[in-house]
Every structure is written in C-alpha cells, then in structure tokens.
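**Student:** My questions will all concern the structure given below.
Derivation of every value follows stated rules applied to the coordinates shown; laboratory data play no part. If you're wondering where the values come from, they're calculated on a predicted model, not measured in any experiment. Every residue, glycine as well, gets a Cβ built from its backbone with ideal geometry; the counts of neighbours run over all protein chains shown.
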Amino acid sequence: MRTKNITDLFLAMGLVLGGVFVLSSITDVATVFANHEFSANLTGQEEVPPVDTQATAEAIFVPIAPANETIDYFLNSTNLSGVTQGHIHSGEKGVNGPIVVTLFSYNTTQDAVSENGTITADNLEGPLQGKTVADLISAMKNSSTYVNFHTEQNPEGEIRGQLNTTS
C-alpha cells in the first residue's frame, strides 16, 4: 500500500512539473512574438522611381501574441495631401511588388493619414490571399514588405518605407 502511495505521489509531482514546464514554454513563445515589432519611415525617396515630396509618414505594426493571428497597426503622416489609399506590398527595397494588405482606402481624398487597425487573415490579398498572418509576419521579418501611401498626384505611390524589425 505504501509503495502505491509513493508511486501516486511521484506521478502527481511529475504531472505538476510537466505542466509548469509546458506553461513556461508557452510563456517563452508568447514573449518571443510579443518582442517583434515592425516599423517603416515613409518618404518620397523610397519610391521607385523616387518622388519629390516633403511628405513623410511613420507606420508601426505589432503582432499580437501568442498566436500571431492578428497584427495591430498605427499610421501617421505629415505634409501629405490628396491621399487615396495605403497598402502593404510584397517587395524588396527598390523593387515594386503586389499589394498584400489594404490598410485604408478613402472615398474622398484626405490631407492626412492618422489610422489604426488590426490585420487578420481575411485582410490578406494578392500572393498572401488564403495564407496566414504568420506568413505576413515572416515576410516582414525578411524585410520583403513595404508600406506605400498613394495620392491623387502620385497614384502609383507618393511615399514608401520598407518594413523592418524594431525590437
């Protein structure tokens, strides 16, 4: 009887310690994803070909841990007028690429961008349509995505910035 109690005690301790290990592993994974933030500084000089403009913008993207199923974003511009749309495109620095996420699209032109929102798998388009937000995050980690703001004056894009890891 005493041997069975000791066996049960060791079994219970093993289950508790195993649970602690699993929980700490999940916490470590969540911390790793939470520490990845992406940003882009948008300028006309980053456009292909470059655009002569005083406009600039900042774009920040924060994957939401632990599952990486969404990305929150924050966009702000200065000296930008006639804005029509903003996107994330697939493409290396200096190379134009297809749209993978529409960040905003205005029915009437705006003279500034101050937007925030959340990207889900439903927002993915072009080559990422049907993929996961984790696929977008992988592309962001590889610096193979950029943010582009389009205007009436420059419908192909007035300011652009490559997304890079910031933390």
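**Student:** In segment 72-167, what GluC sites (Glu not before Pro) fall in a loop by DSSP, with at most 11 other Cβ atoms inside 10 Å? Display every interim value, and only then the final one.
**Tutor:** Details: sites: GLU92, GLU115, GLU125, GLU152, GLU156, GLU158; in loops: GLU92, GLU125, GLU152, GLU156, GLU158.
The qualifying sites are GLU152.
**Student:** Quick check: pseudo-label points 7 Å beyond the Cα along Cα→Cβ at VAL95 and ASP52, how many nm apart are they?
**Tutor:** Between VAL95 and ASP52, the label points sit 3.0 nm apart.
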